[in-house]
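Below is one structure, written out as structure tokens, with a few remarks after it.
All of the numbers you see were taken from the coordinates with simple rules; none came from a lab. What you are looking at is a predicted structure, and each value in this text was computed from that prediction instead of being measured. Backbone-built Cβ (ideal geometry, glycine too); neighbour counts: all protein chains shown.
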Number of protein chains: 4
Amino acid sequence: MGTGRLESFSDGVLAVIITIMAFELKTPISSNVHALSHRLPLLLVYVLSFAFIGIYWVNHHHLLHATRLISAGVMWANLYLLFWLSLIPFVTAWVGAQHSASLPAACYAIVANGSGLAFRLLSSAIRRANPKDQTSSRILSLTRKENASTLLYTSSIGLAFLSPYIAYASFVIVAILWFVPDRRLVA
Amino acid sequence: MGTGRLESFSDGVLAVIITIMAFELKTPISSNVHALSHRLPLLLVYVLSFAFIGIYWVNHHHLLHATRLISAGVMWANLYLLFWLSLIPFVTAWVGAQHSASLPAACYAIVANGSGLAFRLLSSAIRRANPKDQTSSRILSLTRKENASTLLYTSSIGLAFLSPYIAYASFVIVAILWFVPDRRLVA
Amino acid sequence: MGTGRLESFSDGVLAVIITIMAFELKTPISSNVHALSHRLPLLLVYVLSFAFIGIYWVNHHHLLHATRLISAGVMWANLYLLFWLSLIPFVTAWVGAQHSASLPAACYAIVANGSGLAFRLLSSAIRRANPKDQTSSRILSLTRKENASTLLYTSSIGLAFLSPYIAYASFVIVAILWFVPDRRLVA
Amino acid sequence: MGTGRLESFSDGVLAVIITIMAFELKTPISSNVHALSHRLPLLLVYVLSFAFIGIYWVNHHHLLHATRLISAGVMWANLYLLFWLSLIPFVTAWVGAQHSASLPAACYAIVANGSGLAFRLLSSAIRRANPKDQTSSRILSLTRKENASTLLYTSSIGLAFLSPYIAYASFVIVAILWFVPDRRLVA
């Protein structure tokens, strides 16, 4: 089977996730600056989560562009990744509402961590489905970038209880790290 | 007519259904563990329903991959399947809110049952539209797996009134049964 | 320009419209039959509106399957049709909440009427963009079915003030009329 | 890389944005004309925003139709455009709720301005990715129409504090200006 429908379904899910978050930016209760500034923390987390989903879309695009064949395992690994990403609007809304608390930040880190692991799983499922393909065998070789982001996300789960703002800073660092797509897939 | 647009429309509907449920995971009212644990039943039903829709997507993918031509009848059968699946977020939210009650669990079983029957209807409509096609004629031959899941879903409607947890257990068993896609279509 | 992206955008909008309505089926407030029966009028209107959007999807599919070229005019006519269809969830929710009142039923008839006219406009825009195409010239020749549904929808606007249930009956009749797709396009 | 998946993802996001706004047209609280007229300002802003997103879809369609290759830069520029457009439902709902206030109108102008600039950025990213392509080099040459709309949007941010209705009038003028797609891309 080709990658066509897997890509279009993933595009659909990612498109809905990214716009559902915008829908959670609830209308300010009045028309003054004070009411708007109440929405500011949520707006900032929205920017972060939009970048987060955007990064996954770009890398998912690159990963599947380098893929020729998919198996049932690839389909399930892809659904597993989409499951974790579908929890992003939930943690985004929670962090937006309680940005100075530790638990929402830690949960955001858990979901980010789960998404990262699911992406690795998808990469390895694709490698198994395309054993002779050179490009896909390059996919799995873990780079420093992948290890750095796993380390940052995992430590954020704990660090969020020291201060949620340390966790937020880690999320921003990982986002900047991944802004440039993976060289192995682009090359 | 080819299957292209039928697949892309179905992908769109399934993508929205699967992410709309994530949207119903309402933000916990405070930032402590107690508030999060209040969302736990809904989170568990969400996992089940995500797997449920995921299984339909995978099998729909396999079914239409084995299909060459579609008729007006196939289009309507497909819309009928999407109708039943579109009720999943409704019963998911209800079960999540009232997980110890019997009626929501029974309604979930009814919707699951309706979806299963609609999938059989779609399979048979596809067989009629592709009469000479070997792959599609293999589709209809009911297997033990299909009969087992119909039996489990139908009995769940009644068993939910004994205890909703027996119904939930049945749903999990059917999900595990269908985790591996239909061998007739993959082969 | 080909029809590819116009179809995929329309599929996306129709997929979201059809599932957004399911999202408005709010969770019953308790777990007994009484609470569920309170949702019954909305559930029935949902079935009607799902069929309504489904009919437009099927006929839109047939119409664009018979089309080769699109112009800027076709794009705008298509957006105009999607605009009217996007109001269906609004009138569906209103009728579901106030099913015994006249105004919501009349507004539903107005939106249904607007959608029907927009579909005719799209058909004629497509005919103008494909002047030499035989199939598309067959599109515009108004049939009795199109005139009957226009008559039924237009009269429903007024009849709703006599009794909303007469309007609902008209909607069901039109839905049955259009259940079988247009013979001119299928042939 | 080709433009296929970029187009389908953008279609998905734009489809969700355009229908999410329809979802914010909350059901009138009763069934009389008075309750409906309360929804009128929101309905009018909805028409404006639907046209706004529709114009971007049409021009995005034209722009990418004239594009052969995409780079990582084009993908990010496209996501940046989608980010600004995803804020349209937020400002639409706010203007609909507080249509006589200045701040919501000014914020609408800011989002419209951000979208316009992001579209220019996307055009220039596409030109850089297709250096030898004649069509794409025509894209960047700023026309009077683009400058006029930038001027109108930028001045609207300030003028909204004089009267929000001047800002609304500017939005309508820009919408009419862009109704006909860019001649450079169609030709």
Simple label model, 7 Å out from Cα along Cβ direction - D:I173 to C:Y165, nm: 5.5 nm
Quick one: helix C:102-129 against the long Cα principal axis of chain C, what's the angle to the nearest 10°, folded into 0 to 90? 10 degrees
So what is the relative contact order for chain D, in percent, with contacts set as C-alpha pairs under 8 Å and at least six apart? 26 percent
Once you have the alpha carbon radius of gyration of the range C:36-116, what is it after dividing by 2.2 N^0.38 Å, with N set to its residue count? 1.29
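If you rank A:F119, B:F9, A:F161 by fewest surrounding Cβ atoms within 10 Å, what's the result?
Details: A:F119 22, B:F9 27, A:F161 13.
With the sparsest Cβ surroundings first, the list reads A:F161, A:F119, B:F9.
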Taking only Cα atoms of the range D:1-80, radius of gyration then Dmax in Å: 17.4, 55
Given the -39500 (n - 2.57) contribution per DSSP H run of 4+ residues, what per-residue ellipticity at 222 nm results for chain D, rounded to the nearest 500 deg cm²/dmol? -26500 deg cm²/dmol
Could you check which residue among B:V58, B:V33, B:V13 shows the biggest mean-square fluctuation in a GNM of chain B with a 10 Å Cα cutoff? B:V33
Which residue, chosen from D:S30, A:M21, C:I176, occupies the Cα position most advanced towards the positive end of the dipole of the protein assembly as shown, where the dipole is computed from +1 (Lys, Arg) and -1 (Asp, Glu) charges on Cβ about the Cα centre? C:I176
If each label sits 7 angstrom from Cα along the C-beta direction, how far apart, in nm, is D:V47 from its counterparts in the other copies? 3.5, 3.5, 5.0
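Report the charge-dipole magnitude of the protein assembly as shown in Debye, nearest 20, computed about the Cα centre from +1 at each Lys and Arg Cβ and -1 at each Asp and Glu Cβ.
Here the protein assembly as shown has a charge dipole of around 1660 debye.
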Rank these for me by crowding, B:L121, D:L63, going from fewest to most other beta carbons within 10 Å. B:L121, D:L63
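Summarise the long-distance tail of P(r) for the protein assembly as shown by giving the % of C-alpha pairs beyond 44 Å. Mind dumping the intermediate values first?
Working: 61417 of 279378 pairs.
Taking all Cα-Cα pairs of the protein assembly as shown, the fraction more than 44 Å apart is 22 percent.
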So how do D:W94, A:W76 line up by other beta-carbon neighbours within 10 Å, fewest first? A:W76, D:W94
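Grab the alpha carbons of the range B:4-186, take their convex hull, and tell me the volume per residue in Å³.
Details: hull volume 19.3 nm³, N = 183.
Convex hull volume per residue, Cα atoms: 105 Å³.
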